[in-house]
Amino acid sequence: MLLRNKIKLGLYIFIMLIILPVLAVIFISINQYQPQRHEIIQIGQGAEGLSDTLRILTWNIGYAGLGADMDFFYEGGRDVRSSYKRSVENLSEITALLKNSDADIILLQEVDIHSKRSYYINQFDIISDIMTDYNLYFAFNFRVPFIPIPLRNPIGRVESGIAVLSKLAPELVMRHSLPQPDFKFPESYFELKRCVLSCTYKLKDGEFFTVYNIHNSAFEDDSQRMREVRYIIDSIALYGTPLFLIGGDWNQNPPGYVQSDEEKNNKYFRPGLLSPEFITQNINLYYDSGAPTARYLYEPYSVASTAVTLIDFFMVSGHFECLDVRTMDLGFENSDHNPVVITVARKK
């Protein structure tokens, strides 16, 4: 009997230490999200005559789970997700602002479709139901069946991405994969598959104009973000339209931005500076230097003590002039980012 119990114990240990991890790796490998380099989301259904003056809003909504009440374990905090009640309230406030923004085009980052962290609420569907005057487009950049950290309360399933809301239907909508960091096994299974979501429109004079929604790498070395920006600019030069606007969460500060000591020395998130090499005679950068666009997540938000930064802005081709750019300072009540709105006009 004693021998039989030892054999059972040995089999149990073998299953727990060998078989289950192997099965987990096989499951994750089979279900790993592997997007193509370029994917057409929509083609040939655009309406002609996009206005020469456009109001465009960008906002990383933080999956409606990173309001002022939250810290986050990945940035030195403790929490993994907000309460269900607060998540619903955040999404309600976010959609209300979007509804009242009167923007021609809206660029959103961190929109969840089916994620444990946001209680499996399909945020894209809810936004679609409310924003009835807009055409909506979505691209995954994070699709993992299970993230096992932190061990005490795993993040679990994540299905999330970026979205474009547009009053006028574009001619072409595409998802473009960004260069991926050199993640090693098994980390590569659990990381984001960063991308750009582009919408190309026909202007009234028959020319084409492309808007790019971006959400660049956050926690990798700054050289990775440089790779991503260079890839975007090179792709526009090779395949894009001469008239363009790039907006979103760059996870970099604009050239000339002066970082605080807290920003420079934060061991979890260091944005770095966007290289001025990308700002040329035909490309301009626009942002509101008077207000922060993002805050750090090592503690619930406090005006007195929480570090803030500026990483959400616009890059625009020289065919347009900026009439106004403004950060809507909402005190990070419903997201760890503030929305930024730009008004641009076609140069005559």
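The values are calculated or read from the model by the stated rules, or taken from the named source; none is laboratory data. Since this is a predicted model, take the numbers as computed values, not measurements. Note: ideal-geometry Cβ built from the backbone for every residue, glycine included; neighbour counts use all protein chains shown. Please note that ligands, DNA and RNA were not included when accessible areas were found on the heavy atoms of the full protein model with its side chains. Shrake-Rupley method; radii C 1.70, N 1.55, O 1.52, S 1.80 Å.
Being in contact with a Cys (Cβ under 6 Å, 6 or more places away or on another chain), closer than 27 Å to LYS347 by Cβ and either among the hydroxyl-bearing types (Ser, Thr, Tyr) or in contact (Cβ under 8 Å) with a residue 60 or more places away in the chain (or both), is that true of even one residue in region 292-310?
No.
Okay, residues lined up against (1) in contact with a strand residue (DSSP E or B) (Cβ under 6 Å, 6 or more places away or on another chain); (2) open to solvent by 10 Å² or more (accessible area, probe 1.4 Å); (3) within 14 Å of TYR298 (Cβ to Cβ); (4) of a type in the set (A, V, I, L, M, F, W, C):
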| position | (1), (2), (3), (4) |
| --- | --- |
| GLY62 | yes, no, no, no |
| GLY67 | no, no, no, no |
| PHE73 | no, yes, yes, yes |
| ASP79 | no, yes, yes, no |
| TYR84 | no, yes, no, no |
| SER87 | no, no, no, no |
| LYS99 | no, yes, no, no |
Filter result for TYR268 (in a loop (DSSP other than H, G, I, E, B), buried (at least 17 other Cβ atoms within 10 Å of the Cβ) and aromatic (Phe, Trp, Tyr)): no
Region 114-169 - residue that is of a type in the set (Gly, Ala, Ser) and in a strand (DSSP E or B) and, of those, surrounded by the fewest Cβ atoms within 10 Å (Cβ to Cβ): GLY156
Filter result (assigned to a loop (DSSP other than H, G, I, E, B) and open to solvent by 10 Å² or more (accessible area, probe 1.4 Å)) within region 102-113: ASP102, ASP104, ILE113
Set SER289, SER302, SER335: member being of a type in the set (S, T, N, Q), under 17 Å from GLY256 (Cβ atoms) and at pLDDT 95 or above: SER289
Some residue of region 274-285 being without any contact (Cβ under 8 Å) to a residue 60 or more places away in the chain, over 21 Å from GLN224 (Cα atoms) and either surrounded by 20 or more Cβ atoms within 10 Å (Cβ to Cβ) or touching a His at 6+ places or on another chain (Cβ under 6 Å) (or both): no
Test result for ILE130, over 22 Å from ILE342 (Cβ atoms), of a type outside the set (D, E, K, R) and in contact with a helix residue (DSSP H, G or I) (Cβ under 7 Å, 6 or more places away or on another chain): yes
Conditions (1) surrounded by fewer than 17 Cβ atoms within 10 Å (Cβ to Cβ); (2) under 21 Å from the mean Cα position of the chain (by Cα); number of the one not met by GLU262: (2)
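Hey, can you tell me all the residues within region 307-341 that are among the hydroxyl-bearing types (Ser, Thr, Tyr) and either crowded, with 24+ Cβ neighbours inside 10 Å or within 22 Å of GLY62 (Cα to Cα) (or both)?
As a first pass, look at region 307-341 and keep what is among the hydroxyl-bearing types (Ser, Thr, Tyr): 309, 317, 327, 335.
The answer is THR309, THR327, SER335.
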Among the residues listed as SER198, SER235, SER188, the single one being of a type in the set (Gly, Ala, Ser), at pLDDT below 90 and under 20 Å from the mean Cα position of the chain (by Cα): SER188
Test: residue in region 222-240 that is on the phi > 0 side of the Ramachandran plot and touching a residue at least 12 places away in the same chain (Cβ under 8 Å): no
